[in-house]
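Structure first, then comments.
The values are calculated or read from the model by the stated rules, or taken from the named source; none is laboratory data. If you're wondering where the values come from, they're calculated on a predicted model, not measured in any experiment. Backbone-built Cβ (ideal geometry, glycine too); neighbour counts: all protein chains shown.
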Amino acid sequence: MKDANCIFCKIIAGEIPGEPVYQDDAVVAIRDINPQAPVHLLILPRTHLASLAAATPEDMPLVCRLVQVAWLLAAKEKVAQRGYRVVINSGPEGDQVVPHLHVHLLGGRHLSGRIG
Ligand code: 5GP
Ligand code: ZN
């Protein structure tokens, strides 16, 4: 459930600082340490899951829950009307750096550079 070497597991466990902006029984959200936009949150499952690619069909309700929290926090952070971006990087070519599944919520500026 918890990976002893995982930085996000350590933040979730309170072993290193990472002041949550949201938490419930399954999800924790923190501000990105190196924000790419005025609002840049990371939405993390409490359980360690290396990536979206590593998820199983049984994990999909949890993935939906992460997106639900992104939707909730976009409204709370007052970027819902202006627009925002929700991103999951997965694996080496997806440029995933931290191997604990997370959703990025980015907003508060025009996000140039269309992907997809
Ligand atoms: P990835 O490229 O894996 O999708 O994104 C990892 C994100 O985690 C990056 O945006 C990076 O700035 C952020 N990050 C890495 N280490 C820490 C940390 O210790 N605390 C916080 N709050 N964010 C982190
Ligand atoms: Zn982890």
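Residues in segment 69-85: is at least one hydroxyl-bearing (Ser, Thr, Tyr) and within 14 Å of ligand 1 (Cβ to nearest atom)?
Taking every residue of segment 69-85 in turn, none turns out to be hydroxyl-bearing (Ser, Thr, Tyr) and within 14 Å of ligand 1 (Cβ to nearest atom).
For segment 13-24, check the following and say yes or no: at least one residue is within 15 Å of ligand 1 (Cβ to nearest atom), of a type outside the set (Asp, Glu), touching a residue at least 24 places away in the same chain (Cβ under 8 Å) and buried (at least 18 other Cβ atoms within 10 Å of the Cβ).
No, there is no match, as no residue in segment 13-24 is within 15 Å of ligand 1 (Cβ to nearest atom), of a type outside the set (Asp, Glu), touching a residue at least 24 places away in the same chain (Cβ under 8 Å) and buried (at least 18 other Cβ atoms within 10 Å of the Cβ).
Restricting attention to segment 28-38, report how many residues are under 27 Å from Gly113 (Cβ atoms), more than 8 Å from ligand 1 (Cβ to nearest atom) and in a strand (DSSP E or B).
1
Cβ contacts < 6 Å: first residue without any contact (Cβ under 8 Å) to a residue 12 or more places away in the chain, restricted to segment 25-48; second residue in a strand (DSSP E or B), any location; separation 6+ or different chain. Result?
Pairs that qualify, where the first residue is without any contact (Cβ under 8 Å) to a residue 12 or more places away in the chain and the partner is in a strand (DSSP E or B): there are none.
Looking for whichever is buried (at least 18 other Cβ atoms within 10 Å of the Cβ) and in a loop (DSSP other than H, G, I, E, B) here; the options are Leu52, Leu41. Which one fits?
Answer to the check: Leu52.
Which pairs turn up if I take residues in segment 87-109 that are farther than 21 Å from Cys64 by Cβ and away from ligand 2 (no atom under 15 Å from the Cβ) and look for partners that are among the β-branched types (Val, Ile, Thr) and at pLDDT 95 or above with beta carbon separation below 9 Å, at least 6 apart in sequence or on another chain?
Pairs that qualify, where the first residue is farther than 21 Å from Cys64 by Cβ and away from ligand 2 (no atom under 15 Å from the Cβ) and the partner is among the β-branched types (Val, Ile, Thr) and at pLDDT 95 or above, are Gly108/Val39; Gly108/Val79; Arg109/Val39.
Can you tell me how many residues in segment 64-88 are part of a loop (DSSP other than H, G, I, E, B), under 12 Å from the mean Cα position of the chain (by Cα) and under 13 Å from Val39 (Cβ atoms)?
Residues meeting the conditions: 0.
Go through segment 1-27 and count every residue that is within 11 Å of ligand 2 (Cβ to nearest atom) and either part of a loop (DSSP other than H, G, I, E, B) or not charged (D, E, K, R) (or both).
Within segment 1-27, residues that are within 11 Å of ligand 2 (Cβ to nearest atom) and either part of a loop (DSSP other than H, G, I, E, B) or not charged (D, E, K, R) (or both) number 12.
Which pairs turn up if I take residues in segment 53-74 that are in contact (Cβ under 8 Å) with a residue 40 or more places away in the chain and look for partners that are part of a helix (DSSP H, G or I) and not charged (D, E, K, R) with beta carbon separation below 7 Å, at least 6 apart in sequence or on another chain?
Going by the 7 Å Cβ cut-off, the qualifying pairs are Ala55/Val63.
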